[in-house]
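The values are calculated or read from the model by the stated rules, or taken from the named source; none is laboratory data. All figures in this text were calculated on a predicted structure; none of them were measured in a lab. No Cβ is skipped: glycine too gets one built from the backbone with ideal geometry, and neighbour counts run over all protein chains shown. Ligands, DNA and RNA are stripped out before the accessible areas are found, and what is left, the full protein with its side chains, is counted by its heavy atoms. Shrake-Rupley method; radii C 1.70, N 1.55, O 1.52, S 1.80 Å.
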Amino acid sequence: MRDYDEVIAFLGEWGPFQRLIFFLLSASIIPNGFNGMSVVFLAGTPEHHCRVPDTANLSSAWRNHSIPVRLQDGREVLHSCRRYRLATIANFSALGLEPGRDVNLEQLEQENCLDGWEFSQDVYLSTIVTEWNLVCEEDWRIPLTTSLFFVGVLLGSFVSGQLSDRFGRKNILFTTMAVQTGFSFLQIFSINWEMFTALFVIVGVGQISNYVVAFILGTEILGKSVRIIFSTLGVCTFFAVGYMLLPLFAYFIRDWRMLLLALTVPGVLCVPLWWFIPESPRWLISQRRFKEAEDIIQKAAKMNNVEIPAMIFHPAELQELTSLKKHKVFILDLFKTGHIATMTIMSVLLWMLTSIGYFALSLDAPNLHGDPYLNCFLSALIEVPAYITAWLLLRTLPRRYIIAGVLFLGGGVLLLIQLVPADYYFFSISLAMLGKFGITSAFSMLYVFTAELYPTPIRNMAVGVTSMASRVGSIIAPYFVYLGAYNRVLPYILMGSLTVLNGIITLFFPESLGMTLPETLEQMQKLKGFRSWKKQRQSMEREENPKVLITAF
């Protein structure tokens, strides 16, 4: 029996049909870049201090000295959450005493911001922070907002594959795009933080579901030689394009509701893609809908201007396909033996720690010194060369060495940030971007590396479980950013240390470059630790078939 790739070989690999599918599915990912990182501007925290009401009977001198001063990153700034006790300084003002001369300010009693806050509008006109006063005692809500969004992403990654298996790739792709766009629009009308966050969870479900299903649909329609390019340079690069456009929108639209409205427009523009993106013929065949699959293949042949065989599927093949049964796989199969369990635990750690570094750096970009819009744009821009570098490295070099290498690079430069004086913020930003480059490169290689290590019966399950571990990492990441409010370099020390640890863990994985994909549990490679390049080359030369097939996950 011929496999699907043999059946459609007459279409060619890179005709007009394949190019159309490649670019349309990649373009459908652009809104994901908006929604995935929009929280950095929607929940931006501007500089703020306690409000002193106009009705307070204070002289101009006491009004100017009503807020305590504290040191932050080596400079004096107004305290964000405290003011001098208003009744006390009003009494001093009435007596004609002068602050600093007649009264020692350091000995004055302080109080909380009982009359609210004054927010700077130099960067943001309004955010959910300024609208609902999510500062001081309520600042814990900001990382929780982001974490709950990623909880939605975790739920979406869990259900998207099952839904697309049940109802079809195309139907779920556009349904989840509608969920992402529709609930983002509903967020505009949020009346409180609770409503905004609840809707944000649902946006997270749609955001990742759209991404996963587009990835699956593309890898099932496109040929072998195009799949790895689609999975690295296609969806990843177009996600980065959407991410780059986010700070451009935010720069010109600084009110959070209007920004959110603008970010829903690209999702609406994706509606016409329904008439150009077909259902996956592979999925239709799995559902025994052979006539619909043949119709799509025939349309593709006409678009590619190639001759259509008189019979695409032979009757004997159809009969054999109908009798096939899927092998059921359970999550416990990933812990079936001590060796497999150890590799699974290490893979989970690898994915989770890499995800923490990636999302913490992405979310913290606007908090770096300098222009937050430019910093966010640079954080997105650096992803493009990171994806290209990952693709080039994957073609020729050993997987574990290149992944460990970029992780050591990313973690090492993040650890160097603590040594940079506060005044040299340009150098700190450069190191943070270089760290983002290394971690992003590693992140984009993990799908291929994990898929090559596990045998066919549990490959999809392994990639699914480790990918979900990365969602757990994204849920934790906002709290790394939150630590920056207490110490500027603490998040980078933690991220750098974990990333270097991750690089060390990677070196204990077996090598997969040039190895045939394992088909059974017995064919899985053992955890061998450090191996020389010479031994690796000898192992590769012994392989009769050094090609690695990247299948759809």
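For the reader, a short list of remarks on this structure follows.
- Dipole magnitude of the range 48-119, debye to nearest 20 (Cβ charges: Lys/Arg +1, Asp/Glu -1, about Cα centre): 60
- Helical runs assigned H by DSSP (4 residues or longer) give the chain a calculated mean residue ellipticity at 222 nm of -20000 deg cm²/dmol, each run adding -39500 (n - 2.57) before division by the residue total.
- Directionally averaged projected area (the chain, Cα convex hull): 28.8 nm².
- Part-to-part distance (alpha-carbon centres) for the range 487-505 and the range 411-484, which is given in Å: 10
- Placing unit charges on the Cβ atoms only, positive for Lys and Arg and negative for Asp and Glu, gives the chain a dipole magnitude near 1660 debye about its Cα centre.
- The simple Förster model, with R0 at 22 Å and r as the Cβ-Cβ distance, assigns residue 63 and residue 122 a FRET efficiency of 0.60.
- Distance from the range 84-119 to the range 354-398 (C-alpha centre basis), Å: 46
- Legend: calculated FRET efficiency, residue 395 to residue 198, from the Cβ-Cβ distance at R0 = 51 Å, rounded to 0.05, equals 0.70.
- Binned Cα-Cα distance frequencies in the range 61-125 - 5 Å width, integer %: 4, 15, 25, 23, 18, 9, 5, 2
- When the pairs 170/224; 224/302; 299/436; 224/526; 170/302; 224/291 are compared against a 31 Å limit on Cα-Cα distance, 299/436 fall above it.
- Take the Cα of residue 158, go 7 Å toward its beta carbon, and the backbone nitrogen atoms of the range 459-483 under 13 Å from that spot belong to 465, 468-469, 471-472.
- Cα-based helix-to-principal-axis angle, 456-483 vs the chain, degrees rounded to 10: 10
- Sorted largest first, extent of the range 363-438 alpha carbons per principal axis (Å): 41, 25, 16
- Taking 0.36 nm per residue of separation and subtracting the Cα-Cα distance, full extension of the segment from residue 55 to residue 167 would add 34.0 nm.
- Working ranking of peptides 99-110, 8-19, 222-233, 205-216 by packing, defined as the average number of other Cβ atoms within 10 Å per residue, highest first, is 205-216, 222-233, 8-19, 99-110.
- Using a 4.7 Å Cβ-Cβ cutoff, the cysteines of the chain lacking any partner cysteine are 236, 270, 376.
- In this rough spin-label picture, where each label sits 7 Å from Cα along the Cβ direction, the residue 427-residue 94 distance is 5.5 nm.
- Taking only protein heavy atoms and a 1.4 Å probe, the accessible area of the range 1-125 is 48% carbon and sulfur.
- A compact globular protein would have a Cα radius of gyration near 2.2 N^0.38 Å; the ratio found for the range 107-192 is 1.64.
- Stokes-Einstein translational diffusion, the range 1-122 - Kirkwood Rh over all Cα pairs, 1.567 mPa s, 4 °C, in µm²/s: 65
- Calculated FRET efficiency, residue 371 to residue 419, Cβ-Cβ distance, R0 = 25 Å: about 0.55 to the nearest 0.05.
- Each part reduced to its alpha carbon centroid, the range 6-28 and the range 246-300 end up 16 Å apart.
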